[in-house]
Amino acid sequence: PPFSYAMRKFADLSAKYRAPMIIHAEAEPAVAEGMQKLFEAHPETIFVWAHNCGRSSAKSISEMMVRHSNLNADLSMMVYSVGYGVYWPRRTEWMHLVVDDDGWVRPDMLELFNRFSTRFTIGTDTAHARVYEFYSRRLPRWRKFFAQVSTEAMHDIAYRNAERLFRPA
């Protein structure tokens with residue numbers, strides 16, 4: 001659970017060492033509530049909530065980013081028409097997509113990425129070596145995504161934010 005003892009201790013370590021804490025959690029109502037509590041209790045922790053804040057809505061992400069300056073999100077697998085970019089492994093009312101089947105960024109998400117461009121990072125979610133064989137097939141979707149956001153957002157999301165978040169001090 002997001003607000004468990006273990007997660008709070010990890011958040012303390014993240015804050016102490018200024019190391020981003022990356023969290024994989026779908027934004028189901030109870031999970032989203034726990035995440036909010038974790039963010040509030042640990043304002044010095046650098047959070048990166050995977051998969052566009054657990055596939056939250058643009059409205060919800062915007063509200064959280066306004067409230068929590070320490071919240072960032074990665075876009076791992078969110079621009080593809082397979083995996084987490086679609087309604088896999090299940091579809092629920094709390095899941096919100098970033099792009100349509102053709103790779104066009106949904107208008108509310110496009111506004112979100114341009115508004116909060118310093119809070120998102122590109123991602124691949126490639127956890128297994130065998131997936132690297134297909135890595136080059138993922139690039140066209142990222143190119144299409146970056147052609148739709150502002151130039152500033154493109155540079156922020158593509159590399160600047162990752163450099164800021166993960167560069168050793």
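The values are calculated or read from the model by the stated rules, or taken from the named source; none is laboratory data. Computed from a predicted model, the values in this text were never measured in an experiment. Here the Cβ positions follow ideal geometry from the backbone for every residue, glycine too, while neighbour counts run over all protein chains shown. These area figures cover heavy atoms from the full protein model, side chains too; ligands, DNA and RNA do not enter into them. Shrake-Rupley method; radii C 1.70, N 1.55, O 1.52, S 1.80 Å.
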Over the stretch 107-137, the set of residues open to solvent by 90 Å² or more (accessible area, probe 1.4 Å) and within 19 Å of GLU152 (Cα to Cα) is PRO107, GLU111, ARG115
Before we move on, is PRO140 more than 30 Å from TYR17 (Cβ to Cβ), part of a loop (DSSP other than H, G, I, E, B), open to solvent by 60 Å² or more (accessible area, probe 1.4 Å) and not charged (D, E, K, R)? no
Is there any pair linking a residue in the stretch 62-79 that is farther than 12 Å from ASN52 by Cα and small (Gly, Ala, Ser) to one that is open to solvent by 10 Å² or more (accessible area, probe 1.4 Å) and part of a loop (DSSP other than H, G, I, E, B), with Cβ under 9 Å and at least six apart or on different chains, and which? SER69/PRO43
I'd like to check something: does the stretch 14-29 contain any residue that is hydroxyl-bearing (Ser, Thr, Tyr), open to solvent by 20 Å² or more (accessible area, probe 1.4 Å), assigned to a helix (DSSP H, G or I) and in contact (Cβ under 8 Å) with a residue 12 or more places away in the chain? no
